[in-house]
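A short worksheet on the structure shown next.
Just so you know, all these numbers are worked out from the coordinates, no wet-lab data involved. Treat the numbers as computed from the prediction; the structure is a model and nothing was measured. FYI the Cβ positions are ideal-geometry reconstructions off the backbone, even for glycines, and counts take in every protein chain you see.
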Amino acid sequence: MNPDNSILKQSLIDKQQILIEARNTLKKEFFGIDYIIDQIVDSISSWFFLPQLQEKPLVVNLWGLTGTGKTSLVARLSQLLNFSDSYFWVDLGGKGTEYSFNSSMSEIYEADHKLPIILVLDEFQHSRTILHPFNTEVEKDENRRIWDFMDTGKVTSDNWSHGGYRLEETILRLKGLYQADVKVKNGMVVDKLDLWSREMQIYFGKAVKTIPFVPEEYHVQILNYAGEHLGIYLISDIKKLLFSFDAAQTIHFLNKVMKHGRHPGEKKFTKALIFVMGNLDEAYSMNDDLSTDKDADEFHRLSLKISVPKIKLALQQRFRSEQIARLGNIHIIFPSLNRKAYEQIIAHELDKYAQNLSDIFQLKVVFLESVHMAIYAEGVYPTQGARPVFTTILQILKSKISYFYTEFFLSLQDIDRLEFSVKQNKMMVDYQKDDHSVFTRETELITSLTDARRGKKDDFQAIIAVHESGHAVLSMILMNTIPSVVYSVTADGEDQGFVNLNYPWNYISRRELVPRLAVMLGGYASEELIFGKENLTAGAASDIEKATEFISEMFQLQGMGSFPIKYGLPIPNEKFAYHQYQTVDEEVKKAMAEALALAEATLKREKKLLLHLADNLSDNGMLTKKEIQHILINYSGRNIHIIENADLRFYRNHLKDQVKSVKISNSNPTNLFNNESLMNKN
C-alpha cells in the first residue's frame, strides 16, 4: 500500500470512531431529538472525513423553537469533533456588538483558511433582507457579507482600520524627517536626534547618541499589514531589515507597507462548515402560545408537521429567492420537546445535582418523583423549551438547599441519606440513617402556577366546566373523537379553560362542515341548556368568531358552498374574485343555524353525559383522555365508535372499490400512451 494511502486510511478510521462517539455522547446529553442528531451527524460526515474535496462551504440549516437545544448541541458537537479552537459563533440578532458578523470577520480571517472551520450563524431570522407586506428591501443590510461567505467562503479583512491610521501618521512624520535630512545608518538616527525627538514626540536623555528611526512599537503592525505580501513572517526579520536600511531605504520599505496595508486582505474558507440557526415564526405558528397548560405532546405533534417546503415558504417572508437558494437544501427541523423529553431533562439535571451534593457533603441525596412532578408543573412552557425548566430547578430546589443542610449540621445527628419530596406545596427532607428516618424538615415553596391551577369550586369554574364539556361531548358524539384533555381551570388568566382536540384525519369533507361547526358552538349551546337562555354568560365570543371564520373560508375560498367560486373584496389585490357576497352570506348564516340546532339537539339527547362530565370538571379542573373515555362509556346514551386511526377512513377504499367495478378494456393499457394515432388525433 502506498504510504500516503496508509496515512489516509488511518485518518478515516480515527475520524469514524470520533464521529461514532460524538453521536452516542450527544444522544446521552440531549433528549427527545435522537433522529435530529442522526440527521446532523450524517449531513456533516463528508465534510468531516474529506474536507479537502469540498470546493465551497457546507451549509446546514437548523430551525426550531427557542430552547430546543440547537445552539448548545452544535457547540457540544464542535467540542466532540475537536474543533473548539476553530469554532466561531455569531449572533445575528446583535448587530453592531462584538458577536455580530462584521465584528467576527477579523477573527475568522486570522484562522488558517486551508483548514476546516465551523461557523455558527445564530438567530439567523434577524438577518432578513426584505420586509413585508410589500417585499421592500432592507435599506442597510449590516450582514450582507454573509451571503458571499456562504457561496464562496470569502472573508476580507480591512486591517488598516485597526491602528493603521496611526502607523500612517508615523510614516508621514518619518518622511518629513527624511526630507529634513535626518541621517540614518543601519536603521538608527545618527544626527539631528533633537529634531527627530520633537517631531516624533518621543523624549530621551542627553546621554543617548543613537535611536531607531522606526520606533519598535510599530514592528508588529508592519508585520501584520504587509508581512505575508513581502514574504516576512517573523518580528526578528522585520528588525533585521529595518536595522540594515538608511533613511531612503526605510521610506521606500514603509511605502510598500502602506500600499499592502491599505489593500483589504482576502481569504477563502472553502472547507468551512456553516450552521445556520434560527426560529421562523412564519413556520412555527404555535410560537406565541405561552400557555403552561397546553400539552407538550400536542405541541410536539404539531411541530412534526412542519416540512422543508413550509420552511422555505417562511424564508420567503424574510429573504430573496437567490439568498434562499444559497442556504442549500439541508434543512433540519427541530420539533418542540415532548413530555418524555422534558421528564428526561428534569431527571438528568436532578441526578447530576444529587451527585454533586453527594460528592461535596458525603451524603447520599435522592429526589423522589414528587420533586420531578413539581418541577414539571412549574417549569414546562411547551413553546419555550428547556430554559424555564433550569430556572425552575433553581427556584424550587437549589434556593432551598442551604436551609436543609444547615438543619443537618445543627442537628449533630448521624445521617447518611437525604430524601427530598414535595407535598402540598412544601419541600420536605427526610434525614435518614441506614434507610430509617431520623428526623424531617420542611419549607414552603412558591408554586404560582400550581396554585393558579387549583380550582376554587365556585360559579366561575362551574360555567367553564359546562362550557368546555359541551365542546367535548359534541366532539365525541358528532366527530367520533375524544379530546386528549379538557381544562376548566388553567394557570393562564387569558384562557380560563380549553379542550385539546385533534381530529385524526388531515382533511375536511363537505359532510362534516356542520358537525364541526356544532362542536365549535358546543360551549354556547351547553350553557344555554344547563343554565337557561337568560343566564348565558359572555364567554363564547372566540368560539363564535372561529366558527364564522371557518365556515366563511369553506364557502368563500374552498368551494364548499352551493357554487365553487372564489369570493373577494373589490380591491386591486382581489381582482380575480367574485365580489357579490349576498348569496354566500346567506349560506354562512344557514350553516351556523343548522350547526347550532344540531348542537342543541345532540346535547339534549346526551344531557346525562354532559352533566357528569361537567360535574367532574367543576370539581377537578382537568380531565385526561382516559378519564373522559370512562365517563363516556358509563353515561352516554349510545354506543359511540371512536376513531383512533383515520388513514383508511373512506377515500382510498372507495377509490379501489370504484376501480374494481369498472370493466377494464381489452386493449393493452401499456400501449395506450404509445398509440400514435391516439396522440395525433385531432
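Cut-off is 10 Å between beta-carbons; in what order do Val429, Val138 appear when sorted fewest neighbours first?
Values: Val429 22, Val138 14.
Fewest to most other Cβ atoms nearby, the residues stand as Val138, Val429.
Can you tell me which of 193-200, 483-490 comes out highest on packing, and rank the rest after it, using the mean Cβ neighbours within 10 Å? Intermediate values should be presented prior to the final figure.
Details: 193-200: 15.2, 483-490: 23.2.
Final packing ranking: 483-490, 193-200.
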FRET E, pair Ser46, Asn24, Förster distance 22 Å, beta-carbon r, rounded to 0.05
0.65
Inter-site label distance for Lys256 and Asp148 at 7 Å from Cα along Cβ, in nm:
2.8 nm
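Just add up the charged neighbours of Asp34: K/R +1, D/E -1, any other residue whose Cβ is under 13 Å from the Cβ of Asp34. If you can, show how the numbers build up before the last one.
Numbers: positive: Arg23, Lys27, Lys28, Lys340; negative: Glu29, Asp38, Asp42.
Every neighbour counted, the sum reads +1.
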Apply the Debye scattering formula to the chain, with a single equal point scatterer on each alpha-carbon and no solvent, then give log10 I(q)/I(0) at q = 0.06, 0.07, 0.08, 0.09 Å⁻¹.
-0.61, -0.77, -0.92, -1.06
Relative contact order for region 339-453: what percent, with Cα pairs under 8 Å and sequence separation of 6 or more?
23 percent
Suppose the chain between Asn645 and Arg387 were pulled fully straight at 0.36 nm per residue; how much longer would it get relative to their current alpha carbon spacing?
89.4 nm
With θ set to phi - 60°, apply the Karplus curve 6.51 cos²θ - 1.76 cosθ + 1.60 along region 224-230 and write out the HN-Hα couplings as whole Hz, x wherever there is a Gly or Pro.
5, 7, 9, x, 5, 5, 9
What list of ³J(HN,Hα) values in whole Hz, one per residue of region 49-59 in order, does the Karplus curve 6.51 cos²θ - 1.76 cosθ + 1.60 (θ = phi - 60°) give from phi, with Gly and Pro shown as x?
6, 9, x, 5, 8, 7, 9, 8, x, 8, 10
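Contour minus end-to-end for Tyr233 and Asn186, with contour as 0.36 nm per residue of separation and end-to-end as the Cα-Cα distance?
Details: separation 47, 0.36 × 47 = 16.92 nm, distance 2.09 nm.
Extra length from Tyr233 to Asn186 when fully extended: 14.8 nm.
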For labels at Lys114 and Asp585 in the simple 7 Å Cα→Cβ model, what's the distance in nm?
7.7 nm
How much mean residue ellipticity at 222 nm does the chain get from its helices, if each DSSP H run of length 4 or more adds -39500 (n - 2.57) and you divide by all residues, to the nearest 500 deg cm²/dmol?
-15500 deg cm²/dmol
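Hey, fewest Cβ within 10 Å first, where do Lys183, Lys114, Lys310 land in order?
On the way: Lys183 15, Lys114 12, Lys310 18.
Starting with the residue having the fewest Cβ neighbours, the order is Lys114, Lys183, Lys310.
What percent do you get for the relative contact order of the chain when only Cα pairs under 8 Å and 6+ apart count?
Numbers: 981 pairs, mean separation 82.7, N = 682.
Relative contact order here is 12 percent.
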Tell me the label-point distance for the pair Asp619, Arg173, using the 7 Å Cα-to-Cβ offset, in nm and rounded to one decimal.
9.1 nm
Using amide H atoms built 1.01 Å from N in the peptide plane, name the residues 5+ places from Val485, or on other chains, whose amide H lies under 5 Å from its own.
Asn500
Report, ordered by chain and residue number, the lysines lying within cross-link reach of Lys259, taken as a straight Cα distance under 26 Å and ignoring same-chain residues fewer than 8 apart.
Lys114, Lys154, Lys175, Lys183, Lys185, Lys239, Lys240, Lys267, Lys268
Using the Karplus equation 6.51 cos²θ - 1.76 cosθ + 1.60 (θ = phi - 60°), what ³J(HN,Hα) coupling, rounded to whole Hz, does each residue of region 457-464 give in order, writing x for Gly and Pro?
6, 10, 4, 4, 5, 5, 4, 4
Taking R0 as 25 Å, what's the FRET efficiency between Thr406 and Asp434 from their Cβ-Cβ distance, rounded to 0.05?
0.60
